[in-house]
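To keep things clear, I will list the structure first and then write my remarks on it.
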Amino acid sequence: MDESKAKADLQCMQMALELASRATIATSPNPKVGCVIVKDGEVIGQGWTQPVGQAHAEVQALRNAAELGFDVDGATAYVTLEPCSHFGRTPPCAYALVEAGIARVVAAEQDANPQVAGRGLAILRNAGITVECGLLAPQARELNLGFFKRMETGKPWVRMKVAASLDGITALLNGQSQWITADQARQDGHVWRSRADAILTGIGTVLADDPQMNVRGVNTSRQPLKVVVDSDLRISPKAKLLQDGTALVVCANMHPERQKLLQGKGVEILCLPDELAKVNLAELLLELGRRQINELHVEAGAKLNGALIAQNCVDELLVYLAPKLLGDGAGLFALPELSTVDQAKKVVFHEVVQIGETLRILARFQ
């Protein structure tokens with residue numbers, strides 16, 4: 001491939017990735033995808049994934065080209081994910097590209113969905129379309145971390161959010177924790193909440209703070225599913241997080257009277273005990289994956305945080321550090337004592353930015 005063509009391909013795929021980023025959370029459980037159609041060096045159609053049940057990026061781009069009066073026959077389509085090949089809520093995009101007369105398809109990444117997984121690219125090749133795959137693949141995966149994680153492991157991408165002082169304190173010894181971080185950081189936290197399909201907390205946090213655990217101050221078309229880890233069903237039917245939206249309480253020990261009261265509030269109860277009569281966290285993640293949860297946002301106390309990390313259930317940490325020292329108090333994670341430094345859980349700093357006066361760190365487990 002000559003240098004000018006490679007440069008043009010790169011620019012077009014970057015444009016497709018930017019379009020993919022415009023897809024809203026309403027696309028879930030589908031991935032966010034962008035598509036650019038180019039003919040004779042001119043962009044003639046653009047599209048991105050619409051809310052679930054509506055058109056995918058490729059169909060949107062074909063429609064856009066038609067609306068603008070362009071003929072896509074012989075054009076190149078740049079798409080950030082392999083075109084789908086199966087009938088779901090919408091017809092297969094691979095066939096739509098074939099029928100439209102597209103001559104070349106450049107895909108960033110192969111679809112991890114077992115129902116597709118190369119079949120879409122094969123349909124295109126069998127129709128005589130030139131197909132290339134792999135351009136800016138890491139960037140394409142980054143846009144859909146949860147989708148790829150769920151398709152490849154059956155579990156959602158788990159992001160654990162914590163807010164603390166610079167010395168790692170999340171609450172004073174008297175229990176006071178509001179507010180360690182400033183308004184801008186808390187608002188940013190709601191933005192991260194809004195992108196998740198579900199928010200998980202523990203009964204300790206519910207009993208101590210009675211949080212709402214919803215998205216506030218952010219324009220959103222849906223609220224994430226609320227999930228509470230509560231081994232003995234101690235949650236009150238009057239808890240704030242049960243008053244609006246859908247909630248799932250996960251226990252390890254059934255208590256019929258408590259169960260009846262909660263179900264009367266429309267709460268779903270799931271019993272997933274482990275050998276210690278605690279909630280089986282790994283099985284819970286698999287269950288959320290079966291429910292098509294792509295991203296799980298965790299906001300819990302040190303005990304549940306520590307258990308999730310110790311059991312390798314967390315993919316990344318979203319840490320807000322306030323520029324203050326609080327001394328003795330509650331910590332971030334209740335992890336087992338180590339005998340050597342080599343036993344430490346290791347993370348890689350993925351992103352470090354300042355939000356107002358607060359430092360936001362995104363760190364991923366190795």
Problem - Furthest towards positive pole of dipole, ALA171, ILE123, ILE102, structure part region 84-176, Cβ charges - result: ALA171
Problem - Solvent-accessible area per residue, Å², over region 1-156 with all protein chains present [probe radius 1.4 Å] - result: 44 Å²
Fill in the blank from the handout: If one compares the long axis through the Cα atoms of helix 57-67 with the longest principal axis of the Cα atoms of the chain, the angle in degrees, nearest 10, works out at 50 degrees
Problem - Charge context of PHE365, other residues only, Cβ under 14 angstrom, K/R +1, D/E -1 - result: +4
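Over the chain, with every protein chain in place, what whole percent of the accessible area is carbon and sulfur at 1.4 Å, could you tell me? Walk me through the intermediate numbers first.
On the way: 8870 of 17390 Å².
Exposed carbon and sulfur together represent 51 percent of the surface.
Classify region 87-143 as rounded, prolate or oblate from the Cα gyration tensor: take a ≥ b ≥ c as the square roots of its eigenvalues, call it rounded if a/c is under 1.5, otherwise prolate when a/b beats b/c and oblate if not.
oblate
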Fill in the blank from the handout: Measuring from its Cα centre, the chain shows a charge dipole (+1 at each Lys and Arg Cβ, -1 at each Asp and Glu Cβ) which, in debye to the nearest 20, is 840 debye
Problem - Backbone N under 16 Å from the ALA182 label point (7 Å along Cα→Cβ), restricted to region 318-337 - result: 320-325
Fill in the blank from the handout: Computed for region 50-204: size of charge dipole around the Cα centre, +1 on C-beta of each Lys and Arg, -1 on C-beta of each Asp and Glu, debye to nearest 20, value 520 debye
Exercise for the section: Could you work out how far helix 183-195 tilts from the main Cα principal axis of the chain, as a 0 to 90 degree angle to the nearest 10? Expected result: 60 degrees
Fill in the blank from the handout: With a Förster distance of 22 angstrom and the Cβ-Cβ distance between GLN263 and ASP210, calculated FRET efficiency to the nearest 0.05 equals 0.60
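Expected output is a single nm value to one decimal: the length gained when fully extending between ARG125 and ALA310, i.e. 0.36 nm times separation in residues minus the C-alpha distance. What is it?
Between ARG125 and ALA310, full extension yields 62.0 nm more.
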Problem - Long-range Cα-Cα pairs in the chain (distance over 37 Å), rounded percent - result: 30 percent
Handout entry: Magnitude of the charge dipole, region 112-217, Cβ model with Lys/Arg +1 and Asp/Glu -1, debye to 20
Key = 440 debye
Exercise for the section: May I ask you to derive the relative contact order of the chain, considering only C-alpha pairs under 8 Å and at least 6 residues apart, and to give it as an integer percent? Expected result: 15 percent
Handout entry: Contour excess over end-to-end distance, with Cα ends at LEU338 and GLN54 and 0.36 nm allotted per residue
Key = 97.1 nm
Completion exercise
So the FRET efficiency between GLN223 and ALA277, C-beta based with R0 = 35 Å and rounded to 0.05, is 0.65
Completion exercise
For LYS240, counting only lysines whose alpha-carbon sits under 28 Å away and dropping same-chain residues fewer than eight positions off, the answer is LYS155, LYS161, LYS226, LYS260, LYS265, LYS278, LYS303
Completion exercise
Most packed first (mean Cβ within 10 Å per residue), the peptides 190-202, 112-124 order as 190-202, 112-124
Exercise for the section: Skip the ligands, DNA and RNA, and give the accessible area per residue of region 208-366 with a 1.4 Å probe, whole Å². Expected result: 53 Å²
Handout entry: Backbone HN-Hα couplings from phi across region 17-32 [Karplus 6.51/-1.76/1.60, Hz, Gly and Pro as x]
Key = 5, 5, 5, 4, 5, 7, 4, 8, 4, 5, 6, 4, x, 6, x, 7
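The values are calculated or read from the model by the stated rules, or taken from the named source; none is laboratory data. Owing to the predicted nature of the structure, the values given are computational and were not obtained by experimental measurement. Don't worry about glycine lacking a Cβ; one is built from the backbone with ideal geometry, like all the others, and counts go over all protein chains shown. Surface areas here come from the heavy atoms of the whole protein model, side chains and all, with no ligands, DNA or RNA. Shrake-Rupley method; radii C 1.70, N 1.55, O 1.52, S 1.80 Å.
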